[in-house]
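Let me begin by presenting the structure, written as structure tokens, before commenting on it.
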Amino acid sequence: MTAFEDPRPGVLRVAVIGSGPSGLYAAEALSEQGGDSVLVDVIDRLPTPFGLVRYGVAPDHLKIKSMLATLHATFDRPNVRFLGRLGLGAEISAADLQQHYHAVVYATGAQSDRRLGIPGEDLPGSHSATEFVSWYNGHPLGERTFDLSRTESVAVIGAGNVALDVARLLAKRADELRTTDVPDEVLNALHHSAVRDIHIIARRGPVQAKFSTKELRELGELDNARVHVSSAELPSADEDLSGLARAEKNNLKTFTDWADAATGTTAGADRASERRVEFHFWRAPSRITGADSCAMLELADTRGAAGAPLETLSAQLVIRAIGYRSLPLPGVPFDDLAGVVPHKAGRVLDADGQVRPGEYVAGWLKRGPTGVIGTNRSDANETVSSLLEDLAAGPHSERRPIEELLTALQLPYTEFDGWLRIDSAEREAGLTRGGPRVKITDWATLLELAERAELGER
Ligand SMILES: Cc1cc2nc3c(=O)[nH]c(=O)nc-3n(C[C@H](O)[C@H](O)[C@H](O)COP(=O)(O)OP(=O)(O)OC[C@H]3O[C@@H](n4cnc5c(N)ncnc54)[C@H](O)[C@@H]3O)c2cc1C
């Protein structure tokens, strides 16, 4: 392990668990504000840092993906290290961390999803957006592969940007994604996709939907797909819309334009291969049916009589994009109802509402799955302010570096140099496709690349 150079006596050791945006913003703030009196270990269960910027953000959103470069810079700081392949609750425990660090910031995001709770949800062909997004983003621990060669109709349930990402990726032709970082196997599956109809199902109306207008409009700009909205689902002419927020007005205008254009033609579209993206507002899924896999989705009218079936859609693939959810970390308090770690200004609270000294939380694990990447910066800053304020109160007993424990337990781990080797192999593969990189998804290959030099050095 790369040891920190000559740490000052009395140096404060801080562990940040999770290398997504919130963990890295926390590490940056700690490094900046703590100066050379603080050493930060950013610990992740994966050998690849950057969390959902790498494994969530859609591959065709190249500008947002390029935030990786900014986040990279955190590891140029002399008092910040990356330790990969160390999962909290798997390889290391909260007690281990307490022993080796003066403070720990939990920033493990939201690794799970919310369920619909309807009959048929467990049929093959019914998936969470977490699974589908992990697949097209090449997450090494994602267990699913998606064969789209016999899937003609897909239902995407949800009215947020993740639903739009999923629908857009399914609507695009494989050649439009060739110059992104999607793994080769994903590109191949999209190349053989039989998808024709993509239904986006929203429980409420077009005004209440959480879509950001920019992402919504992107759907209307696709070469190979046409968007359908029924004007019957839009607000009627006599509704007072003067109190709407700007974003709501913009979304409504986008839907109205699409509804008005329903009879027009889409310039440049190849009609034979054209895909259809259809919005269904005021609908709640009530049942998925099929002999041994998803075939049909029943929808109820959320404005009509309770539970009355309204419509049945053909859907061989049903993807629920109704929210991510954090998982509890062993030994760390968790509010199961809210799906977050309870806190006060980032300080972790126990079941009695008392502060747990030395434990902090940031990001989606702290506030739930909301906001954009930048929201995690102010969120992490609040946590780091609390942490540094507490540590300034001192005094502190010495903490031994974590490498002593890892060596004693013979725990393999990876470092930032290991990520740089993965990065360079992916970039090289990207040259063959004319894109920034091609993701490596195989766990063994990632570890082989990440561990190569470290093994040689030991
Ligand atoms: C599909 C999708 C698309 C998105 N697109 C955009 C977008 O276009 N623009 C935008 O601004 N925002 C987007 N977001 C939101 C953005 O990704 C989040 O705001 C941000 O990633 C949350 O940061 P985080 O650090 O809290 O969590 P994460 O990014 O999830 O990072 C958590 C890290 O913790 C690690 N970890 C998890 N469990 C453990 C454990 N037990 N031990 C050790 N490490 C662990 C994970 O491997 C991961 O690296 C998107 C989100 C999703 C889900």
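The values are calculated or read from the model by the stated rules, or taken from the named source; none is laboratory data. Please read these numbers as outputs of a predicted model, since none were measured by experiment. Counting neighbours? That spans all protein chains shown, and the Cβs are built from the backbone with ideal geometry, glycine included.
Worth pointing out:
- Qualifying residue in the stretch 414-430 (condition: within 13 Å of the ligand (Cβ to nearest atom), over 30 Å from residue 185 (Cα atoms) and not assigned by TED's automatic domain parsing to the domain that holds residue 177): no
- Count - residues of the stretch 406-422 that are in contact with a Leu (Cβ under 9 Å, 6 or more places away or on another chain) and either within 30 Å of residue 344 (Cβ to Cβ) or free of Cβ contacts under 8 Å to residues at least 24 places away in the same chain (or both): 0
- Test for residue 80: is it away from the ligand (no atom under 12 Å from the Cβ), β-branched (Val, Ile, Thr) and touching a strand residue (DSSP E or B) at 6+ places or on another chain (Cβ under 6 Å): yes
- Selection status of residue 164, out of contact with any strand residue (DSSP E or B) (no Cβ under 6 Å at 6 or more places or on another chain) and within 12 Å of the ligand (Cβ to nearest atom): yes
- On inspection, residue 356 does not qualify as farther than 22 Å from residue 110 by Cβ and either among the small types (Gly, Ala, Ser) or away from the ligand (no atom under 15 Å from the Cβ) (or both).
- For beta carbons closer than 7 Å, sequence separation of 6+ or different chains, a first residue in the stretch 9-24 that is closer than 17 Å to residue 98 by Cα and a second that is of a type in the set (D, E, K, R) and not in a strand (DSSP E or B), the qualifying pairs are 13/399; 18/44.
- Only one entry of 249, 214, 210 meets the criterion of being part of a helix (DSSP H, G or I) and either within 16 Å of the ligand (Cβ to nearest atom) or touching a residue at least 24 places away in the same chain (Cβ under 8 Å) (or both), and that entry is 214.
- Search result, residues across the stretch 36-77 that are near the ligand (Cβ under 6 Å from one of its atoms), among the acidic types (Asp, Glu) and not in a loop (DSSP other than H, G, I, E, B): none
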